[in-house]
Structures are given as structure tokens and as C-alpha cells.
Amino acid sequence: MGQHAACIIRRRSMPILPPRRGRELEGGGSPFDSRPESGASKRYGLTLRTSHPTLRSLTRILGGAMPNPPLRIGIVGASVNRGWGWRSHIPAILGLPECELTAICTAHQETADEAAKATGAKHAFADYRQMVAHSDIEAVAIAVRVPWHREIALAAMAAGKHVYCEWPLGVNPGEVAEMTAAAKAAGVCAMPGMQGRVAPWVLYFRELIEQGYVGRLLTVNARLTMGHPYQRAGIAWAAQRAGGNHILTIQTAHMVDIVSFACGGLTTVSSVDSTMVPQWTLPSGETTAVDAPDQASIRGTLGNGATVSAHFAYVPHHGAGWRLEAYGDQGTLVATSPGPAMVMPNRIQGGTAGDKALQDRPIPESFSTVPATVPYDSSAYHVAHMYQRLAAAVREGTPLDPSFESAMELYRLVDTLERSSQQGGAVLPVSG
């Protein structure tokens, strides 16, 4: 792979972000800015800028402990207006006082410079190896195509950097196992992009199940249908199953992980996946053969004995979105959103035996810890919760969850789904 290949990502539409507020005042100005936080600072509309010399001097005089400095992050894959890194990671990092966007790496120096200027990042690189070696960088975020994840992550961890690597972590379980072992050997915090596990709606849904809102859980239904732009420029790279970037490894993996995490853990599964659109027509008029699956039907059993039925599909136009239903002997819970559950906010409704109909169950504010600078209805919202956990693990030593070990468990589940499909939908146990 050429030195720039790992930084190529697809074009998306997003306005250029302004520089992070207060960054131009670093070392001077006021020790406060107007970015709201949760808790007391949210109530008063102030955020302490821990790097400000006045605040540091005051803290020393009063004998108190300094708040943790922000985690200095370099991201690989964040060209202006292009892809998931720009749309989700950049706003998440810029919106958190716990994090600092220190560097950006893209395919070319001019695009890296453009992104750094737009965001206020201190450094711009066109070679990820130079970025991971830089002393200003503490953590590396990887938001490029799946085949390049392993190489970048291994280089970052070998350099002693903490890592946030997008999901799918690798193209196969072998790569994920290698990356997980490398993280353990390096003694760094390594987090996979499994943001469904930190989504406030998922945590609330899980709590309601655990507290017995539905009583004894009997059955769970889940489905996601997404309108898939088969004619989109640049989509050809996702046409092949071997690339590790298709509905089974991405949407199905995320959704099944949410179901398993929120509802009790899958113990057996049966799966059938298929490719219903075997040829894509590209904007150039050329066609490309497709063997990546675009549909997956799953049945399973949870550890509590409840049954699971799930269906995930790309459709040519106007997908109906996401719906999760949990039925128990005392009640019902339903979560819905117009898009993927790990990306979009969800509406939760519930009803018990005495209710005439399902009622909205607003998600308590306590489940969200990010400030208002990260929009609730953006794809950065759940990602920001992930960065908060990474920063806490690095600065405070809190257990990292999810971790690369969590990703290894999910890959075993995805591998079991693929093996089941290859065996005609055989019922297989989910290995731990």
C-alpha cells in the first residue's frame, strides 16, 4: 500500500466547521468559555479551560487538584466534507472539553492543511506514520476504509498511542485478534467504534429491561431497512465481501450487538444472508459485480431464554428505518428511528398491562453526558460519548468499555452468523 492510500475516504456533504471556540485564546484571554457541560457547569453555562495559566495558578494557591488536561487526538481520515470521520468524529472531538483535535491526516498534504485550517488543528499530515510518531499526539482515531485499519492501528500502538478505531475493526477475525493482542502488549487504551453500547437510548432501554419493566422477556424483534444508493460515486469499493465492509459486518453487527447488549446476550443464532442486487451501475455507466450481501435474516436465543427475530436489508429506495420491539409477560418496549440505531436518536415507547396504548418514555437526561456543543440529532452525538469514555480511561484509569476485547467478541458473533449462512441457516452456539 502506498504511503497515502490509508487516508482516502469517500465524499459526503457537510459544511466546513469553524475553528473550536476558545482555541485562539489558548494561554490567554478568559479561563472560561460559553460551551455548556452537564452538571453544574451546564446550569451556569460555563466551561473551565484547564490550560489557562490563571486557573492553574489559582488551583496551586488553593491547594486543589487540577482538572485533567484534554486528550490530544490525531485523526486519520477527515478531509473537509468527506466521510464519517468529518461528519462524526470531528464534531465530537471539537465539542468535548475532555478532548483536543491536535492533528489531521488525509491522503494529500493540501487536503490535510485545509482540514486543519477549518478545525483549528495544530498539525496536518499526509502520512499517518509521521502523525503516530509525533510527540504531541496521545491518541489516534482511525476513520478510513476497513482494509487499512490494521496497519494504522498497529503502527499507532507500537508508538505507544491510544487508539479509537472505527468499526469494522478489521477485515476478518484474524486481524482483530492480532490488533487486540497488540493493544494488550502495548498497554494502551484501544477502543472500537461500537457506539451503540454508549448510546443513551440503548442504556435506558437496557435498564428498563433489567428493572423488569416488561416482566419476563419472551421475544425480541428487530429490523433495519436502509435505502442504499447503488449508483453513488465511489461505492464500488464496497461491492466485494472480502473487503469486510458490507451489511453483515456493519449494520447487522451494530444492530445485533445492540440487541444482545440491551436484551440479555445471544447464546444461539441461525442466519441466512443473500445478495439480491448482484450488479451495480456506477455513475460512469460502468457496472461492477457484487458478492457482498445486502440482506440478512437472523433468528436466535437470548441467555434468558427469549427468542430473537431480526432482518436487516439494503433496499434500492426509501428504507423504513430501524425498529426494536421487546415483549414480556408484563409489558412491551419499542424503540424506533429513521436510520441506523447506532447513529440516530431513538424514540422509546412502552406500555404495561394496565395501559391502553404505548406511551412515550423520555430518555432521562442522566444517560447523556455530552455538552450541548454536540448536537443531539447528529451522528457525532453517540461518538462523543465514546470519546468521553476513552479520555476517562486514559486520564483517570477507568475501565475501558467497549474495548478491543469487546470487538473480538462481536467478531466471533459475526463469524458465527456467516458460518450459519454458509451451512444453510444452521443453528450454532455463540462462542464467548
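Residue count for the range 380-417, restricted to those that are among the charged types (D, E, K, R) and either crowded, with 20+ Cβ neighbours inside 10 Å or under 19 Å from the mean Cα position of the chain (by Cα) (or both): 5. Against the numbered list (1) in a strand (DSSP E or B); (2) farther than 29 Å from Asn304 by Cβ, Pro371 comes up short only at (1).
Taking the criterion of being touching a Phe, Trp or Tyr at 6+ places or on another chain (Cβ under 9 Å) and surrounded by fewer than 20 Cβ atoms within 10 Å (Cβ to Cβ), the only residue of the range 307-327 that qualifies is Pro316. Criterion applied to Thr336, Thr288, Thr307, Thr301 was being farther than 30 Å from Cys99 by Cβ, polar (S, T, N, Q) and at pLDDT below 95, and the one residue passing it is Thr288. Would you say Val334 is assigned to a loop (DSSP other than H, G, I, E, B) and under 24 Å from the mean Cα position of the chain (by Cα)? So Val334 does not fit the description; no. Inspection of the range 365-373 finds no residue satisfying the criterion of being surrounded by fewer than 21 Cβ atoms within 10 Å (Cβ to Cβ), of a type in the set (Val, Ile, Thr) and farther than 24 Å from Pro192 by Cα. Can you pull out the residues in the range 205-251 that are in contact with a Phe, Trp or Tyr (Cβ under 6 Å, 6 or more places away or on another chain), within 18 Å of Pro340 (Cβ to Cβ) and modelled with pLDDT of 95 or more? Leu224, the sole residue that qualifies. State yes or no: is Trp322 under 25 Å from Leu358 (Cβ atoms) and not β-branched (Val, Ile, Thr)? So Trp322 passes the test.
Yes or no, residue by residue, for (1) in contact with a strand residue (DSSP E or B) (Cβ under 7 Å, 6 or more places away or on another chain); (2) outside the structural domain of His89 (by TED's automatic domain parsing); (3) over 13 Å from Thr252 (Cα atoms):
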residue: Val272; (1), (2), (3): yes, yes, no
residue: Val277; (1), (2), (3): no, yes, yes
residue: Thr288; (1), (2), (3): yes, yes, yes
residue: Asp294; (1), (2), (3): yes, yes, no
residue: Gly303; (1), (2), (3): yes, yes, yes
residue: Ala320; (1), (2), (3): yes, yes, yes
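Would you confirm whether or not the range 278-291 contains a residue that is loosely packed, with under 14 Cβ neighbours inside 10 Å, without any contact (Cβ under 8 Å) to a residue 40 or more places away in the chain and assigned to a helix (DSSP H, G or I)? Before you say what the answer is, go through the steps one by one.
From the range 278-291, those loosely packed, with under 14 Cβ neighbours inside 10 Å are 278-279, 281, 283-287, 289, 291; that's our starting set.
Subsequent filtering for residues that are without any contact (Cβ under 8 Å) to a residue 40 or more places away in the chain retains 278-279, 284-287.
Now narrow it down to the ones that are assigned to a helix (DSSP H, G or I): none.
Looking through the range 278-291, none of the residues is loosely packed, with under 14 Cβ neighbours inside 10 Å, without any contact (Cβ under 8 Å) to a residue 40 or more places away in the chain and assigned to a helix (DSSP H, G or I).
Restricting attention to the range 118-136, the residues being surrounded by fewer than 21 Cβ atoms within 10 Å (Cβ to Cβ) and in contact (Cβ under 8 Å) with a residue 40 or more places away in the chain number 8. Taken residue by residue, the range 154-170 has at least one member that is in a helix (DSSP H, G or I), touching a helix residue (DSSP H, G or I) at 6+ places or on another chain (Cβ under 9 Å) and buried (at least 22 other Cβ atoms within 10 Å of the Cβ). Of the listed requirements (1) out of contact with any Lys or Arg (no Cβ under 8 Å at 6 or more places or on another chain); (2) buried (at least 20 other Cβ atoms within 10 Å of the Cβ), Ala335 misses just one: (1).
Looking across the range 418-431, the residues that are surrounded by 13 or more Cβ atoms within 10 Å (Cβ to Cβ) and not in a loop (DSSP other than H, G, I, E, B) come down to Glu418, Arg419, Ser420, Ser421, Leu428.
Within the range 330-346, identify whether any single residue is farther than 30 Å from Gly215 by Cβ and hydrophobic (A, V, I, L, M, F, W, C), and answer yes or no. Yes: one or more hits. The test for being surrounded by fewer than 22 Cβ atoms within 10 Å (Cβ to Cβ) and at pLDDT 95 or above holds for Arg361. On the basis of being of a type in the set (S, T, N, Q), more than 17 Å from Ile142 (Cα to Cα) and touching a residue at least 24 places away in the same chain (Cβ under 8 Å), does Ser403 make the cut? No; evaluated as a whole, the condition is false for this residue.
The values are calculated or read from the model by the stated rules, or taken from the named source; none is laboratory data. Bear in mind that the values here come from a model prediction, so they are computed numbers and not experimental data. Cβ sites come from the backbone with ideal geometry, for glycine too, and all protein chains shown count toward neighbours.
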